[in-house]
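**Q** Here you go, one structure.
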Amino acid sequence: MTTRLWRTFALGAVLLASLAQARQPAVSAPAQRITKSGTVAAIAGPTASFTGRVRVDPLTAANESINASTAYVTFEPGARSAWHTHPQGQYLVVTAGAGLTQEWGKPLQQLSAGDVVWCPPGVKHWHGAAPTTALTHIAITGNQGGKSVQWEEKVGDEQYQSR
């Protein structure tokens, strides 16, 4: 009889614990978010910041977990950014074509598909397509205080062609 009573007590305790657990709100784990291709509108690179035709396809904004934004940027042949800096730096992952980049006071550098460029915080630079070939890169840009870029003067034709 004692064993039977003990089993009944133990079973009752297990059932009560299960009921108590079932009443507690479920803790939801973070879930993946998928942004379907084509659901975010592309924008034209503003003429104040770019020379030539440039298409910017925003991919991600900075969020509470990663303080960086990303975008596909496509430069038509001869198109380029103005001189600029990034307060937290920027990676450029060249995905197609050929291009150029330059730091202030340094020689032009050629870019091709597969190249990765690190633009350190505060370093004045520009980048864009080669004269006869388009360039596409993924830009991964750090943010500071909600700001990711400081635009400066445009790159003149003489600077662009001084290879």
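No value in this document is a laboratory result; all are computed from the given coordinates. Just so we're clear, the structure is a prediction, and the values are computed from it rather than from any experiment. Counting neighbours? That spans all protein chains shown, and the Cβs are built from the backbone with ideal geometry, glycine included.
**Q** Starting from the Cα-Cα distance between S28 and N67, subtract it from 0.36 nm times their residue separation and give me the gain in nm to one decimal.
**A** 11.7 nm
**Q** What Kirkwood Rh does segment 43-161 have if only Cα atoms enter the pairwise 1/r average? Answer in Å.
**A** Kirkwood hydrodynamic radius for segment 43-161: 14.1 Å.
**Q** Shifting gears a bit: On a full-extension model of 0.36 nm per residue, what is the gain between T95 and T132, subtracting their alpha-carbon distance, rounded to one decimal in nm? If you can, show how the numbers build up before the last one.
**A** Values: separation 37, 0.36 × 37 = 13.32 nm, distance 1.69 nm.
Computed gain between T95 and T132 is 11.6 nm.
**Q** Compute the signed sum of charges (Lys and Arg +1, Asp and Glu -1) over the other residues within less than 14 Å, Cβ to Cβ, of T47.
**A** Within the 14 Å Cβ shell, the charges total +2.
**Q** Now, a different point. For K106 and L59, calculate 0.36 nm times their separation in residues minus their Cα-Cα distance, and state this gained length in nm to one decimal. Before the final figure, lay out each step's value.
**A** Working: separation 47, 0.36 × 47 = 16.92 nm, distance 3.09 nm.
Once the chain is fully extended between K106 and L59, it gains 13.8 nm.
**Q** Then there's this: Checking the cross-link filter: which lysines have an alpha carbon closer than 28 Å to that of K124, excluding same-chain neighbours under 8 positions apart?
**A** Hits, sequence-local ones excluded: K106, K147, K154.
**Q** How many angstrom lie between the C-alpha centres of segment 85-110 and segment 126-163?
**A** Centre-to-centre (Cα) distance: 7 Å.
**Q** Using a 10 Å cut-off on Cβ atoms, rank the peptides 102-113, 75-86 from the highest mean neighbour count down. If you can, show how the numbers build up before the last one.
**A** Values: 102-113: 13.3, 75-86: 20.2.
For the peptides 102-113, 75-86, the packing ranking is 75-86, 102-113.
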